[in-house]
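Structure first, commentary second.
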Amino acid sequence: QVQVVESGGGLVQPGGSLRLSCAALGSIFSMNAMGWYRQAPGEEREFVAMATSSGTTHSTNSVKGRFTISRDNAKNMISLEMNGVKLEDTAVYFCFADDVETSQRYWGQGTQVTVSS
């Protein structure tokens with residue numbers, strides 16, 4: 001059984017910084033892609049950023065230059081460094097992890113990020 005556990009959400013002022021972390025735990029060999037989606041109130045879930053096991057990263061245009069995703073393959077962990085946050089970054093951030101053997105995608109329960117002055 002695989003668990004995806006996020007941490008690091010909270011309240012931050014516009015222009016500030018926040019770091020989210022995510023770990024895939026359980027009976028797994030390794031994960032392929034790991035990354036983040038977010039969902040704002042009344043909106044659909046949208047892709048934020050991802051990192052493959054080979055080190056390739058992708059992010060949505062609205063966070064490029066502000067958010068940085070990093071990965072520790074040995075620990076099946078990723079982090080999202082959020083700098084220069086904006087009001088529109090307020091959302092629940094969900095971590096996902098794709099099992100390299102089964103291709104199944106696992107989701108975390110989400111962590112709230114609120115940007116407010």
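From the list VAL113, VAL92, the one residue that fits, being within 21 Å of VAL2 (Cβ to Cβ), in contact with a Gly (Cβ under 7 Å, 6 or more places away or on another chain) and either β-branched (Val, Ile, Thr) or assigned to a loop (DSSP other than H, G, I, E, B) (or both), is VAL92. Considering only residues of the range 25-39 that are open to solvent by less than 60 Å² (accessible area, probe 1.4 Å) and within 12 Å of the chain's Cα centre (by Cα), which is farthest from ALA74 (Cα to Cα)? This residue is ARG38. Considering only residues that are open to solvent by 80 Å² or more (accessible area, probe 1.4 Å) and under 12 Å from the mean Cα position of the chain (by Cα), which ones fall in the range 69-117? Scanning the range 69-117 gives TRP107, GLN109, GLN112. Screening GLY10 against (1) under 11 Å from the mean Cα position of the chain (by Cα); (2) at pLDDT 95 or above leaves a single unmet condition, (1). Picking from residues in the range 41-89 that are outside any strand (DSSP E or B) and of a type in the set (Gly, Ala, Ser), the one that is nearest to THR111 (Cα to Cα) is GLY42.
The values are calculated or read from the model by the stated rules, or taken from the named source; none is laboratory data. Please read these numbers as outputs of a predicted model, since none were measured by experiment. Because the Cβ atoms are built from the backbone with ideal geometry, glycine has one as well, and the counts that use them run over all protein chains shown. Quick note on the areas: whole protein, heavy atoms, side chains included, nothing else; ligands and nucleic acids left out. Shrake-Rupley method; radii C 1.70, N 1.55, O 1.52, S 1.80 Å.
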